[in-house]
Amino acid sequence: MNILLLGSGGRESAFAWKLSQSLKCEQLFIAPGNAGTGQYGTNVNIKVTDFEGIGQFALSNKVNLVLVGPEEPLVKGIHDFFLDDDQLKNIPVI
């Protein structure tokens, strides 16, 4: 499973640490990530509110799950953005 984790704080560092231990996690991407998250996956230079960029990255990298750490992308509607796109709607956003 390819996972895209959104965020760059301590919460995302903890998520990245734990997700990287899962045998089901083939690739872990963190956008934008931080110095610590780079130990557990691949940091990707995409802002958490760049929904177009996140969507394109998810499709290009065969992402199976998007895990949102910070509140801002949730408040701005990332879940609805994925649901409204025919190519993205089957990728769970948690």
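The values are calculated or read from the model by the stated rules, or taken from the named source; none is laboratory data. Treat the numbers as computed from the prediction; the structure is a model and nothing was measured. Note that we place each Cβ from the backbone using ideal geometry, even for glycine, and neighbour counts take in every protein chain shown. The protein model used for the area step is the full one, side chains on, heavy atoms only, and it has no ligands, DNA or RNA in it. Shrake-Rupley method; radii C 1.70, N 1.55, O 1.52, S 1.80 Å.
Here is the figure for the stretch 31-64: residues that are in a loop (DSSP other than H, G, I, E, B) and not basic (Lys, Arg) total 15. Screening Lys47 on (1) open to solvent by 50 Å² or more (accessible area, probe 1.4 Å); (2) in contact with a Ser or Thr (Cβ under 9 Å, 6 or more places away or on another chain) shows it passes everything except condition (2). Checked against the criterion of being assigned to a strand (DSSP E or B) and in contact (Cβ under 8 Å) with a residue 40 or more places away in the chain, the candidates Leu28, Leu4 yield just one match: Leu4.
Looking across Leu74, Leu67, one residue alone is surrounded by fewer than 20 Cβ atoms within 10 Å (Cβ to Cβ), assigned to a helix (DSSP H, G or I) and among the hydrophobic types (A, V, I, L, M, F, W, C). It is Leu74. Collect the residues in the stretch 22-36 that are over 21 Å from Glu52 (Cβ atoms) and surrounded by 11 or more Cβ atoms within 10 Å (Cβ to Cβ), keeping them in residue-number order. Matches in the stretch 22-36: Ser22, Cys25, Glu26, Gln27, Leu28, Asn34, Gly36.
All conditions but one from (1) touching a Phe, Trp or Tyr at 6+ places or on another chain (Cβ under 6 Å); (2) open to solvent by 90 Å² or more (accessible area, probe 1.4 Å); (3) in a loop (DSSP other than H, G, I, E, B); (4) not hydroxyl-bearing (Ser, Thr, Tyr) apply to Trp17; the one that does not is (3). Within the stretch 77-94, the residues that satisfy the criterion of being of a type outside the set (Asp, Glu) and either part of a loop (DSSP other than H, G, I, E, B) or within 18 Å of Glu26 (Cβ to Cβ) (or both) are Gly77, Gln87, Leu88, Lys89, Asn90, Ile91, Pro92, Ile94. For Leu83, the conditions (1) closer than 17 Å to Ile94 by Cα; (2) in contact with a strand residue (DSSP E or B) (Cβ under 7 Å, 6 or more places away or on another chain) are fulfilled apart from (2).
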